[in-house]
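K.L.:
The structure is given below, and queries will be raised subsequently.
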Amino acid sequence: IEQTFSIVKPDAVGKNVIGEIYSRFEKAGLKIVAAKMVHLSADKAGEFYAEHRERPFFNDLVGFMTSGPIMVQVLEGENAVALNRDLMGATNPKEAAAGTIRADFAEEVSANAVHGSDSPESARREIGIFFSADEIF
Ligand code: ATP
Ligand code: MG
């Protein structure tokens, strides 16, 4: 069984669709085994997105991710990493397949509703940034 790390980003929290997004996870068979609401600091957002530090959109990304509260969660299930990426859809909501979270709840690549780990290795790193072992069930 696999775990992945997921974020409901500030735009989706602001749109009041946390429950609708959690429902997508549950209907797909992903179990929420840890969850909390947090408001990121710029330092923590920068650590989380360290791989993008040299990208032109890095400062905007950190600004967006610190603009309001987010939900962070660990999802567990068979092929959880890939399954969650399928549920999310393409990074750019304009290119996301119909019925995906980003197609249904986001408009812009810079505010695209959700994050999901891109590999099991990334998942382990990202889970460790937000959760201790005793917070995961
Ligand atoms: P995430 O890591 O958030 O799950 P992703 O893996 O689909 O998204 P990445 O390439 O890791 O996409 O980019 C991280 C985030 O940076 C994207 O979710 C998006 O919000 C932002 N981003 C990516 N490309 C651009 C861009 N060209 N302009 C603005 N923001 C971007
Ligand atoms: Mg990514």
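K.L.:
Does region 65-78 contain at least one residue that is under 12 Å from the mean Cα position of the chain (by Cα), more than 18 Å from residue 122 (Cβ to Cβ), modelled with pLDDT of 95 or more and surrounded by fewer than 21 Cβ atoms within 10 Å (Cβ to Cβ)?
P.N.:
Yes, region 65-78 has at least one match.
K.L.:
How about region 104-137: which of its residues are of a type in the set (A, V, I, L, M) and buried (at least 21 other Cβ atoms within 10 Å of the Cβ)?
P.N.:
Correct list: 106, 113, 114, 123, 127.
K.L.:
Do you know which residues across region 83-103 are among the hydrophobic types (A, V, I, L, M, F, W, C) and surrounded by 15 or more Cβ atoms within 10 Å (Cβ to Cβ)?
P.N.:
If the condition is that a residue be among the hydrophobic types (A, V, I, L, M, F, W, C) and surrounded by 15 or more Cβ atoms within 10 Å (Cβ to Cβ), then 83, 87, 88, 90, 96, 101, 103 are the ones that fit.
K.L.:
Something else about it: Hey, does region 84-93 have a residue that's of a type in the set (Ser, Thr, Tyr) and within 14 Å of ligand 2 (Cβ to nearest atom)?
P.N.:
Yes, region 84-93 contains a residue that is of a type in the set (Ser, Thr, Tyr) and within 14 Å of ligand 2 (Cβ to nearest atom).
K.L.:
Would you mind finding the one in 95, 78 that is closer than 22 Å to residue 24 by Cα and within 13 Å of ligand 1 (Cβ to nearest atom)?
P.N.:
95 is the lone residue from the list that is closer than 22 Å to residue 24 by Cα and within 13 Å of ligand 1 (Cβ to nearest atom).
K.L.:
Still on this structure: Look at residue 103 and say whether it is of a type in the set (A, V, I, L, M, F, W, C) and more than 22 Å from residue 131 (Cα to Cα).
P.N.:
Yes; evaluated as a whole, the condition is true for this residue.
K.L.:
Taking the stated definitions as given, is residue 95 touching a Phe, Trp or Tyr at 6+ places or on another chain (Cβ under 8 Å), over 21 Å from residue 120 (Cα atoms) and among the charged types (D, E, K, R)?
P.N.:
Here the answer is no, as residue 95 does not meet what is asked.
K.L.:
Look at residue 105 and say whether it is away from ligand 2 (no atom under 15 Å from the Cβ), among the aromatic types (Phe, Trp, Tyr) and either under 20 Å from residue 24 (Cβ atoms) or at pLDDT below 95 (or both).
P.N.:
yes
K.L.:
When you go through (1) within 15 Å of residue 110 (Cβ to Cβ); (2) more than 12 Å from ligand 1 (Cβ to nearest atom) one by one for residue 16, which number turns out not to apply?
P.N.:
(1)
K.L.:
Looking only at region 56-68, which residues are more than 24 Å from residue 14 (Cβ to Cβ) and within 13 Å of ligand 2 (Cβ to nearest atom)?
P.N.:
Within region 56-68, no residue meets the criteria.
The values are calculated or read from the model by the stated rules, or taken from the named source; none is laboratory data. Fair warning: this is a prediction, and the values are worked out from it, not measured in the lab. Please note: Cβ atoms are built from the backbone with ideal geometry, for glycine as well, and neighbour counts cover all protein chains shown.
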